[in-house]
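What follows is a set of notes on a single structure, which appears directly below.
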Amino acid sequence: MTEALPVDVELVMDVRHLPVAPTDAKEYGALWAKLEPALVGRNLRAKKVHQLTGADGSVRLEVVRIADGLGVVSPATRFSIVAVRESAQLRYRCRQCSAEGTACYGPFPCSVRDGGAEHRVCDAHVSILDGSLTATCAEHRPTCRDCGQPATFRCAGEVCHRERAWCDDHRRPHPRDRDVDFCPSCYDREFPRCEAPGCQDIGTVTCEHASPAYELCRVRMCTRHARRWQVFGGERMGLGRCSRHAGLGDLSAEQLMFQIVVGASARRRRQRLPSLQGIAHTLRNGGHAQLALDYRKIHSMLGHLAGTLGRGGPRAAIEAMAEMQRPWDRQLQDTGAAAQEGLQLVEKLKQLVLAEDRKFGQAIAAALSLAEFKPAVMRSGRPTPVLFVNLADDLRGLFIGKGGIRKKAYAARLGVEIEFEGGRRRR
């Protein structure tokens, strides 16, 4: 394999001043054959650019690199043309300018083709509507979808999808983003008004009440007028409820569970359903205090609801309940073990009451019974066991003692916090 000889001089050839510039390699070779002899005897280090002028015009040669030690060009000097500067050719002409008899560069291809042929337009004649980078010529500029006037923007809504064009009379700007516009129907779909009479705020909250046929209410409300049903606890956004469906007191336990399961699973990002304890808490707030203590019954009712949903219910709800089956089974077992521990704690509490209160201890101990035992309730940022007990109102003061001294002593001896059922929000 023969090695290429090193190049002595690298040049950039500028042919923009030739009346007729070369167009292919053969013509460039012929031009260089005329130029190279004229360089013999020149000192290329004397200046950066050398101009050679002849009968056919002038060519400028810009020196890029010269080998060390090279002085005056000789017939043995080896050259390399590393680039050529040519006059720009107007390949894409504006169709409208050409029709008017002028030559103008058309950088924008019209998105509408006549018979499959592409034609171009210049900056002055291009039409690019707000909200889209789609270019058209004046002839094919879109008209308003509704009134037929020249369009000025493309709607960013889910229905139009930046494909349908509208005029300024139908423009509805985004409330916060000036670069985004909607047609009237898409705007109402994207930013519906609050249901509250006279309220002009945007309804960002959707009512998630479900009918027996699994259809959501979907009435929209602003954050000031929306109701939130906190079925997930404080860590997740509660289910939205409109004024019509805000009241939950008249719903049966079965209806409350139905609303939780169907409403939560219908969200765009399906929510994980609450735990057994979470559902029990919601039932208690909904007026079903006794049922809220019976986790086995709650578990059974959820199983019955799963069977009902399996006969034509929403797929998302069926999948959500299937996802929670094992956690609910495990939670039922845990609550059973907690109930046994709670019974033992109540028996110990009765013995403490009898020993500490000679006067009223007998009556208090006889009236004490287990409501619920929770081994780990978050209190002051740490898990704390809480024993909930049933006790008649007229005996609670005697159980608590002056300044809470008796109740605090019982709790300290048992290593738990003691709360009364029916007064869980009191501390």
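The values are calculated or read from the model by the stated rules, or taken from the named source; none is laboratory data. In this text, all values refer to a predicted model and were calculated from it rather than measured experimentally. Here the Cβ is made from the backbone with ideal geometry for all residues, glycine too, and neighbour counts use every protein chain on show. With ligands, DNA and RNA removed, areas are computed over all heavy atoms of the protein, side chains included. Shrake-Rupley method; radii C 1.70, N 1.55, O 1.52, S 1.80 Å.
How large is the accessible surface of Lys374 in square angstrom, using a 1.4 angstrom probe and rounding to the nearest 10?
For Lys374, solvent-accessible area is about 50 Å².
Going Cα to Cα from Lys47, which lysines come in below 23 Å? Please leave out same-chain ones fewer than 8 positions away.
Partners within reach: Lys34.
Largest first, how would Tyr187, Tyr92 line up by accessible area (1.4 Å probe)?
Details: Tyr187 35, Tyr92 80 Å².
Putting Tyr187, Tyr92 in descending order of accessible area: Tyr92, Tyr187.
Stretch Arg85-Leu5 to full length: gain in nm at 0.36 nm per residue minus the Cα-Cα span?
Values: separation 80, 0.36 × 80 = 28.80 nm, distance 2.58 nm.
Gain on extension, Arg85 to Leu5, equals 26.2 nm.
Which percent of the accessible heavy-atom area of the chain goes to carbon and sulfur, probe 1.4 angstrom? Numbers along the way, then the final one.
On the way: 12470 of 25240 Å².
Here it works out to 49 percent.
Charges only on Cβ, +1 for Lys and Arg, -1 for Asp and Glu: so what's the dipole of the chain about the Cα centre, in debye to the nearest 20? Intermediate results must be reported in sequence, preceding the final value.
On the way: 64 positive and 49 negative charges, 411 e Å.
Approximately 1980 debye in magnitude.
In terms of Cα to Cα distance under 13 Å, which aspartates and glutamates are near enough to Lys374, apart from those fewer than 8 places away along the same chain?
Answer for Lys374, where 13 Å is the Cα cut-off: Asp334, Glu341, Glu417, Glu419, Glu421, listed by chain and number.
Using Cα pairs under 8 angstrom and six or more residues apart, how large is the relative contact order of the chain, in percent?
Numbers: 641 pairs, mean separation 26.6, N = 427.
Normalised by residue count, the contact order of the chain is 6 percent.
Residue by residue through segment 219-232, which ³J(HN,Hα) values in whole Hz follow from phi under the Karplus form 6.51 cos²θ - 1.76 cosθ + 1.60 (θ = phi - 60°), with glycine and proline marked x?
Taking θ as phi minus 60°, the curve returns 4, 9, 9, 7, 5, 6, 9, 7, 10, 10, 9, 7, 8, 9 Hz for segment 219-232.
Give me a comma-separated list of calculated 3J(HN,Hα) values for segment 363-375, in order, Karplus coefficients 6.51, -1.76, 1.60 applied at θ = phi - 60°, integers in Hz, x for any Gly or Pro.
With coefficients 6.51, -1.76 and 1.60, one gets 5, 5, 4, 5, 8, 6, 8, 6, 9, 6, 10, 10, x Hz.
Looking at the chain only, what percent of DSSP beta bridges run antiparallel? Nearest 5 please. Before the final figure, lay out each step's value.
Details: 39 of 51 bridges.
The answer is about 75 percent antiparallel.
Taking amide H positions as placed 1.01 Å from N in the peptide plane, with prolines and chain starts having none, which residues 5 or more places from Glu419, or on another chain, fall under 5 Å of its amide H?
The answer is Leu387, Phe388, Val389.
At a Förster distance of 22 Å, what's the computed FRET efficiency of Arg311 paired with Glu235, Cβ-Cβ distance as r, to 0.05?
0.10
Which entry in (1) -0.34; (2) -0.67; (3) -0.30 matches log10 I(q)/I(0) by the Debye sum over Cα atoms at q = 0.07 Å⁻¹ derived from the coordinates of this structure?
Here the calculated entry is (2).
Roughly speaking, what is the stretch gain from Glu319 to Arg228, that is 0.36 nm per residue apart minus the C-alpha to C-alpha distance, in nm to one decimal?
Values: separation 91, 0.36 × 91 = 32.76 nm, distance 2.41 nm.
Going from the current span to full extension adds 30.3 nm.
Averaged per residue, what accessible surface does the chain expose to a 1.4 Å probe, in Å²? Please list the in-between numbers first.
Working: 25240 Å² over 427 residues.
Here the per-residue accessible area is 59 Å².
If the label point is 7 Å along Cα→Cβ of Ser300, which residues in segment 244-283 have backbone nitrogen under 19 Å from it?
Flagged as within label range: 252-258, 276-277, 279-281, 283.
Label-point separation (nm) for Leu18 and Arg162, each offset 7 Å from Cα along Cα-to-Cβ?
With each label placed 7 Å out from Cα toward Cβ, I get 4.6 nm.
Provide the packing ranking of 323-331, 81-89, i.e. peptides ordered by the mean count of other C-beta atoms within 10 Å per residue, highest first.
Values: 323-331: 14.9, 81-89: 11.3.
Result, highest mean Cβ count within 10 Å first: 323-331, 81-89.
Given a 1.4 Å probe and heavy atoms of the protein chains only, how would you sort Glu421, Glu254, largest accessible area at the top? Could you put the intermediate results ahead of the total?
Values: Glu421 25, Glu254 110 Å².
I get Glu254, Glu421, largest accessible area first.
Applying the Karplus parametrisation 6.51 cos²θ - 1.76 cosθ + 1.60 with θ = phi - 60° to the phi angles of segment 313-322, what ³J(HN,Hα) value in whole Hz is obtained for each residue in order, glycine and proline being reported as x?
Running phi through 6.51 cos²θ - 1.76 cosθ + 1.60 with θ = phi - 60° gives x, x, 4, 4, 5, 4, 5, 5, 6, 5 Hz.
From Cα pairs below 8 angstrom and at least 6 apart in sequence, can you work out the relative contact order of segment 1-121, rounded to a whole percent?
It comes to 31 percent, rounded to a whole number.
Between their Cα atoms, which of Lys359/Lys402; Lys297/Lys408; Lys350/Lys407 are more than 24 Å away from each other?
Working: Lys359/Lys402 15 Å; Lys297/Lys408 33 Å; Lys350/Lys407 12 Å.
Flagged as over cut-off: Lys297/Lys408.
Would you compute, from DSSP H runs of 4+ residues alone, the mean residue ellipticity of the chain at 222 nm, taking -39500 (n - 2.57) per run and dividing by the full residue count, rounded to the nearest 500? Mind showing how you got there, number by number?
Values: 11 runs with 136 residues, N = 427.
Calculated at 222 nm, the ellipticity per residue is -10000 deg cm²/dmol.
Over segment 107-154, what is the mean sequence separation of C-alpha contacts under 8 Å (at least six apart), divided by residue count, expressed as relative contact order in percent?
Values: 69 pairs, mean separation 15.2, N = 48.
In percent, rounded to a whole number, it is 32.
Helix 25-39: angle to the longest alpha-carbon principal axis of the chain, degrees 0 to 90, nearest 10?
With both axes taken from Cα atoms, the answer is about 60 degrees.
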